[in-house]
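Notes for the one structure printed next.
The values are calculated or read from the model by the stated rules, or taken from the named source; none is laboratory data. Keep in mind it's a predicted model, so treat the numbers as computed, not measured. Every residue, glycine as well, gets a Cβ built from its backbone with ideal geometry; the counts of neighbours run over all protein chains shown.
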Amino acid sequence: MALLIPIFGDQLSHGLSSLAGQDKKACVILMAEVDEETEYVPHHKSKMVYILSAMRHHANDLRSAGWTVDYVKLTDAENSGSFTGEIARAIERHKVSALCVTEAGEWRVKAMLDSWPDRFDIPVEIRPDDRFLCTHAEFESWTKDRKQLRMEFFYRDMRRKSGLMMNGDTPEGGQWNFDAENRKPAKRDLAMPAPLHFAPNAVTQDVIQMVERRFAGNMGETTKFGFAVTREDALRQQKHFLDHALPNFGDYQDAMLTGEPFLWHSILSPYINSGLLDPLELCRAVEVQYRAGKVPINAAEGFIRQVIGWREYVRGIYWHAGPEYVESNAFAATRPLPEFYWTGKTDMHCLSQAIGQTIEHSYAHHIQRLMITGNFALLAGLNPKEVHKWYLAVYADAYEWVELPNSLGMSQFADGGMLASKPYAASGAYINRMSDYCTHCSYDVKQRTGPKACPFNALYWEFIARNERKLRKNPRMAMPYKNWERMADADKVALRAHAQQFLEKLG
Ligand code: FAD
Ligand code: DLZ
Ligand code: SF4
């Protein structure tokens with residue numbers, strides 16, 4: 001009689017809680033490629049190749065470490081297409097007496113796990129996922145008695161809990177946050193370290209062929225696939241980032257440049273989220289670089305804030321908000337996602353850059369996601385659920401627990417301010433300040449109406465006017481509404497008419 005341990009595609013960690021303390025000889029690990037997971041959104045081809053190849057490599061690593069692994073491929077004739085179906089088949093194959101699994105990363109899969117004890121009539125142990133710094137109980141207790149949930153205060157608790165960048169009770173450098181020093185626009189003459197490229201081996205080539213065959217219509221192409229698919233290679237990219245990109249990460253975190261998809265970002269999120277890299281280990285390595293005088297404080301603190309601040313905070317919000325969070329639509333936005341989100345074909349240069357590199361690399365950095373594709377969706381009133389599904393499909397690091405609060409909450413403000421204190425809405429001036437995009441665009445960022453006017457400008461004011469009832473009382477929106485009031489009526493009418501015309505053409 002065996003203990004069955006199912007491992008999902010975002011659980012590729014050797015220290016996974018479901019493996020801890022188990023007798024290897026008495027266990028069978030089950031890993032399964034299933035239609036249910038490959039089809040819940042039309043995943044980018046590179047995302048799929050990455051996850052499936054990383055799963056196959058992890059299965060081999062576990063075998064080398066002495067575990068018995070039963071691996072079901074997508075193409076196996078008997079594959080039932082679902083996790084539950086594969087558990088049922090594995091129970092038959094292995095005379096299973098009990099199940100032990102690390103908790104699911106999202107509501108959909110949690111519901112599945114919760115149904116297993118009844119369904120299979122054997123004991124099912126669900127262990128907490130201890131790859132996060134903050135437990136569900138800690139986050140819930142943090143939310144109690146708070147009128148507003150804000151990342152900054154949560155982040156301070158995570159600094160105290162981890163001891164990262166702390167000197168006793170006080171933050172290194174005398175302040176918690178060096179955000180103001182994370183906003184330099186980038187110049188072309190600085191050398192940017194491209195992420196490492198890992199040539200696909202035979203295992204990855206097999207997955208590439210399968211994905212190209214079965215998912216020919218999905219976004220992306222796989223000829224340039226170069227993600228790491230093992231922990232060993234992911235650690236190489238981690239070291240590459242620490243040595244070459246981290247020193248400038250802080251200064252240029254918000255910058256954007258034409259033809260430069262990566263700048264000084266780490267490109268580590270796919271590896272962290274699937275389990276190949278340990279976020280806390282990574283943050284400790286960042287701190288070592290800082291303490292050794294190799295990187296400035298705005299880089300080290302800025303990076304650590306993203307990981308133990310934002311990443312942990314959005315996970316907390318996801319579970320706190322419940323399965324109905326996905327239905328939030330505070331601005332009642334209904335416009336369908338324009339076709340160019342899938343093709344990149346638009347004359348708005350900023351959007352064609354952000355979407356074009358998404359198609360090519362399954363990657364865009366935070367400010368591109370937030371202030372280009374997200375900002376446009378917000379201003380144009382795109383349906384937030386469609387926007388969410390797009391982000392979930394196109395990025396190699398996208399799992400619902402991290403993607404949904406970022407897209408629906410942070411970028412679309414569809415939760416009415418549960419996650420963020422104000423909408424991240426901006427006109428073309430912001431994009432012009434943080435990038436060189438506008439100098440390559442057929443629109444003029446300085447114009448607000450007329451055929452050459454940057455669409456973001458009129459759309460911004462249309463957004464402000466359209467949502468006045470919902471936003472005016474927000475103290476952080478006082479300035480835009482003051483400026484809107486000061487504007488001559490004729491200008492207001494012209495701006496709104498220009499935006500309406502643009503939106504009608506958009507569909
Ligand atoms: P870096 O810029 O090098 O940052 C370092 C690390 O910090 C990242 O690897 C990531 O682990 C963490 N991080 C930074 N910002 C965030 C954040 N807001 N939330 C969670 N972790 C963060 N991140 C995902 O991992 N998966 C997603 O599906 C995802 N969807 C997003 C959708 C939208 C609309 C927005 C605005 C942001 C989204 N993010 C998502 C957050 C962020 O854009 C990515 O984590 C980051 O771009 C990944 O690239 P990187 O590894 O080079 O990050
Ligand atoms: C994203 C993804 C894809 C495309 N395919 C699989 C798969 O075939 N098998 C699997 O175990 N996991 C896959 N994943 C990742 C899962 O969607 C993710 O692990 C679940 O959402 C669990 O939270
Ligand atoms: Fe984007 Fe407007 Fe700048 Fe063109 S001018 S790149 S549309 S912000």
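Only one of (1) surrounded by 14 or more Cβ atoms within 10 Å (Cβ to Cβ); (2) without any contact (Cβ under 8 Å) to a residue 40 or more places away in the chain; (3) not aliphatic (A, V, I, L, M) fails for Phe154. Which number is that?
The failed condition is (2).
Give Ala292, Ala300, Ala330, Ala321 a once-over and let me know the one that is buried (at least 23 other Cβ atoms within 10 Å of the Cβ) and farther than 24 Å from Leu12 by Cβ.
Only one candidate qualifies: Ala300.
Determine, yes or no, whether Asp278 is within 16 Å of ligand 3 (Cβ to nearest atom), under 30 Å from Glu181 (Cα atoms) and within 21 Å of the chain's Cα centre (by Cα).
No; evaluated as a whole, the condition is false for this residue.
Identify, please: which residue in the range 440-475 is over 29 Å from the mean Cα position of the chain (by Cα) and among the polar types (S, T, N, Q) and is, among those, nearest to Met256 (Cα to Cα)?
Restricting to residues being over 29 Å from the mean Cα position of the chain (by Cα) and among the polar types (S, T, N, Q), the top hit is Ser442.
Residue-wise test of (1) touching a strand residue (DSSP E or B) at 6+ places or on another chain (Cβ under 8 Å); (2) in a loop (DSSP other than H, G, I, E, B).
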residue	(1), (2)
Arg188	yes, yes
Ala194	no, yes
Pro200	no, yes
Asp206	no, no
Val211	no, no
Met219	no, yes
Val229	no, yes
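Which members of the range 273-286 meet the condition of being in contact (Cβ under 8 Å) with a residue 60 or more places away in the chain and either touching a Lys or Arg at 6+ places or on another chain (Cβ under 6 Å) or not hydroxyl-bearing (Ser, Thr, Tyr) (or both)?
Of everything in the range 273-286, those that are in contact (Cβ under 8 Å) with a residue 60 or more places away in the chain and either touching a Lys or Arg at 6+ places or on another chain (Cβ under 6 Å) or not hydroxyl-bearing (Ser, Thr, Tyr) (or both) turn out to be Asn273, Gly275, Leu276, Asp278, Pro279, Leu280, Cys283, Arg284.
Look at the range 231-284 and say how many of its residues are among the aromatic types (Phe, Trp, Tyr) and either part of a loop (DSSP other than H, G, I, E, B) or touching a Phe, Trp or Tyr at 6+ places or on another chain (Cβ under 6 Å) (or both).
Adding up the residues that qualify gives 4.
So, Ala321, is that one in contact with a Lys or Arg (Cβ under 8 Å, 6 or more places away or on another chain), away from ligand 3 (no atom under 16 Å from the Cβ) and more than 22 Å from Ser266 (Cβ to Cβ) or not?
no
On the given criteria, is Leu382 within 11 Å of ligand 1 (Cβ to nearest atom) and either buried (at least 19 other Cβ atoms within 10 Å of the Cβ) or over 26 Å from Arg496 (Cβ atoms) (or both)?
Answer is no for this residue.
Identify all residues within the range 306-343 that are under 21 Å from Glu462 (Cβ atoms), of a type outside the set (Gly, Ala, Ser) and out of contact with any strand residue (DSSP E or B) (no Cβ under 9 Å at 6 or more places or on another chain); write none if there are none.
Those that are under 21 Å from Glu462 (Cβ atoms), of a type outside the set (Gly, Ala, Ser) and out of contact with any strand residue (DSSP E or B) (no Cβ under 9 Å at 6 or more places or on another chain): Asn329, Phe331, Phe340.
Quick one: would you say Gly66 is touching a helix residue (DSSP H, G or I) at 6+ places or on another chain (Cβ under 6 Å), more than 21 Å from Met210 (Cβ to Cβ) and surrounded by fewer than 19 Cβ atoms within 10 Å (Cβ to Cβ)?
When the stated conditions are applied, Gly66 passes them.
Can you tell me which residue within the range 395-452, out of those that are out of contact with any Lys or Arg (no Cβ under 6 Å at 6 or more places or on another chain), polar (S, T, N, Q) and away from ligand 3 (no atom under 15 Å from the Cβ), is nearest to Glu152 (Cα to Cα)?
That would be Asn406.
Give me a count of the residues in the range 1-59 that are of a type in the set (Asp, Glu) and in a helix (DSSP H, G or I).
4
Looking only at the range 240-269, how many residues end up being within 16 Å of ligand 3 (Cβ to nearest atom), of a type outside the set (Ser, Thr, Tyr) and surrounded by fewer than 21 Cβ atoms within 10 Å (Cβ to Cβ)?
Within the range 240-269, residues that are within 16 Å of ligand 3 (Cβ to nearest atom), of a type outside the set (Ser, Thr, Tyr) and surrounded by fewer than 21 Cβ atoms within 10 Å (Cβ to Cβ) number 3.
Cβ-Cβ under 8 Å, sequence separation 6+ or interchain: first residue in the range 333-358 and in a helix (DSSP H, G or I), partner surrounded by fewer than 18 Cβ atoms within 10 Å (Cβ to Cβ) and of a type in the set (Lys, Arg). Which pairs?
Ser352/Lys345
In the list Ala414, Ala429, which residue meets the criterion of being assigned to a helix (DSSP H, G or I) and either touching an Asp or Glu at 6+ places or on another chain (Cβ under 8 Å) or modelled with pLDDT of 95 or more (or both)?
When all the criteria are applied, what remains is Ala429.
Considering each of Met55, Met48 in turn, give the residue that is within 16 Å of ligand 1 (Cβ to nearest atom), closer than 22 Å to Ala216 by Cβ and surrounded by 22 or more Cβ atoms within 10 Å (Cβ to Cβ).
When all the criteria are applied, what remains is Met48.
Given (1) surrounded by fewer than 20 Cβ atoms within 10 Å (Cβ to Cβ); (2) touching a helix residue (DSSP H, G or I) at 6+ places or on another chain (Cβ under 9 Å); (3) closer than 25 Å to Glu301 by Cα; (4) touching a residue at least 12 places away in the same chain (Cβ under 8 Å), identify the lone condition not met by Ala194.
Here Ala194 meets the rest and fails (2).
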